[in-house]
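> So that we are looking at the same thing, I have put the structure below in structure tokens.
Derivation of every value follows stated rules applied to the coordinates shown; laboratory data play no part. Values in this document were obtained by computation on a predicted structure and should not be read as measured data. Cβ sites come from the backbone with ideal geometry, for glycine too, and all protein chains shown count toward neighbours.
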């Protein structure tokens, strides 16, 4: 569905749609035209200060529960939107499931004996919900619709019919009429013909949430830092620590050279990191040590048994996947969890090579190759001899059979089910107990997909969501509305949830410079 594609590059700064009654709406740059007095053919009057929102198809597909997010305001759904939803209801995808959920929600809303689809029914917030039938022959009497049809003569297009419906509604109702769409091209067309338009921002986080990946700094005196070092905890005035919540990490600083990391506990105290090991070693593999402050804080959250949800933002090369896999395998070998499950959304960057043959594990291999690389680095025994040993048999006589390629050190664990490669599209309906679950590239998820993953976790499991909000290939989310940042925002402050941002790359100076400059 091309017209639903959107990014966050040109999205306008708009107010939250679920709290529109308390703050004024930004007016259009052009002075609003004078409105004629309400005539007998107008829709029934609504309370002063309320607005009428016209929902585009992509909004309903993005959040099927959006019809209840507009408080006391009126919500109108053009009948052409229902026709467009009908195209997707048979898809066995998240979009198809959302289309079916919208149909069920509307049927439930209009199932009351006295409910009128066209006149509307009351919503839970005190507003009104109705289906609007746009008749071009009747709407041609409105001068604004006539002007619109001269600009966009192809009125048979669904986009244009929704826009024309919004113009017609603006003439029929007294409150301001606002089109809500996640399609940037639709927003531009609406603004070109003078229709107020907004993005659906109910599940978007504030820009500051994804603009800075640095761990918060808190200034303390030398005496306070010394007291913290000796006792392991300190309580500071809330005005000094800002909006730090439970399980948030900070850096206590006494001048330029004296500092210590700390974590906020559920009692409002800043405590010392208690679960950060000096290094992690899995089997005969190499030791993994935290290389910077962010990695030390992430390792503390990953190893803390009281934290069952960890979210992590970080650009490429910051060590998100490697540390998550290392902490998971270490605790699986220590019998804290029964196994490690790794998964990743199947969203390609650019053109793909087509369908992949083989079993589910073989199909998932290209998508999860970064995880396999991390497992191989963690578990493969370090070589004691120097030189390119893999070329040793290159010049053997042809009569000798070629040696088979050595099995990967994690193959036996995969066969035993200790390490599980999970296709995210098949996770719905599962219950996952006693597992360390790592979801890589979680920024590719929609909020509803993230909810599906979180609700699969049973007792004894730990969920780790890692990703970079700036690297998004899914056309239906952006840096502020994806499942990773949405989960972080909604779970913030919970005693079982922690979040760590990673800002410093450790892959190589080249990789860090590329992530920062390119």
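> Out of every Cα pair in the range 208-271, what percent are spaced more than 20 Å from each other?
Cα-Cα pairs in the range 208-271 separated by more than 20 Å: 22 percent.
> Count the DSSP beta bridges whose two residues both fall in the range 208-271, then state the antiparallel fraction as a percent rounded to the nearest 5.
70 percent
> Also, I was wondering about something else. What FRET efficiency do you get for residue 291 and residue 455 if R0 is 35 Å and r is their Cβ-Cβ distance, rounded to the nearest 0.05? Working shown, then result.
Working: r = 34 Å, r/R0 = 0.98.
The computed FRET efficiency comes out at 0.55.
> Where does each of 84, 101 land when they are ranked from fewest to most other beta-carbon atoms within 10 angstrom?
Numbers: 84 23, 101 17.
In order of increasing Cβ crowding within 10 Å: 101, 84.
> What fraction of the Cα pairs in the range 135-267, stated in percent, has a spacing above 21 angstrom? Could the numbers behind the result be given before it?
On the way: 5291 of 8778 pairs.
For the range 135-267, the share of Cα pairs beyond 21 Å comes to 60 percent.
> For the residues 486, 426, 134, what sequence is obtained by ranking on other C-beta atoms within 10 Å, fewest first? Walk me through the intermediate numbers first.
Details: 486 22, 426 10, 134 19.
Ranked by crowding around the Cβ, least crowded first: 426, 134, 486.
> On average, how much area does the Cα convex hull of the range 441-518 cover when viewed from any direction, in nm²? Please list the in-between numbers first.
Working: hull surface 25.2 nm².
The number I arrive at for the range 441-518 is 6.3 nm².
> Let me ask another. Among 436, 110, rank each residue by its count of other Cβ atoms within 10 Å, from fewest to most, as a rough exposure measure.
The most exposed by this proxy come first: 110, 436.
> Residue 100 to residue 431: extension gain in nm, 0.36 nm per residue of separation minus the Cα-Cα distance?
Gain on extension, residue 100 to residue 431, equals 116.8 nm.
> How high is the FRET efficiency from residue 226 to residue 143, r the C-beta distance, R0 60 Å, rounded to 0.05?
Efficiency, rounded to the nearest 0.05: 0.20.
> What are the semi-axes of the equivalent ellipsoid of the range 155-208, taken as the square roots of 5 times the eigenvalues of the Cα gyration tensor, listed largest first and rounded to whole Å?
Square roots of five times the eigenvalues give 22, 14, 9 Å.
> Quote the relative contact order of the range 208-271 in percent (integer), defining contacts as alpha-carbon pairs under 8 Å separated by 6+ residues.
Normalised by residue count, the contact order of the range 208-271 is 37 percent.
> Looking at the square roots a ≥ b ≥ c of the eigenvalues of the Cα gyration tensor of the range 252-296, which shape do they give, rounded for a/c under 1.5, prolate if a/b is larger than b/c, or oblate?
Details: a/c = 4.34, a/b = 1.70, b/c = 2.55.
Oblate, since a/c reaches 1.5 and b/c is not below a/b.
> Let me ask something additional. So between residue 369 and residue 418, what do we pick up on full extension, going 0.36 nm a residue minus the alpha carbon distance?
Residue separation times 0.36 nm, minus the Cα-Cα distance, leaves 15.8 nm.
> Each label point is 7 Å from the Cα along the Cα-to-Cβ direction; what then is the distance between the points at residue 266 and residue 513, in nm?
The modelled label-to-label distance comes out at 4.8 nm.
> Does the range 197-336 come out rounded, prolate or oblate, given a ≥ b ≥ c as the square roots of the eigenvalues of its C-alpha gyration tensor, rounded meaning a/c under 1.5 and, failing that, prolate meaning a/b above b/c?
oblate
> Next question. Residue 151 to residue 306: extension gain in nm, 0.36 nm per residue of separation minus the Cα-Cα distance?
Additional length available on full extension: 49.7 nm.
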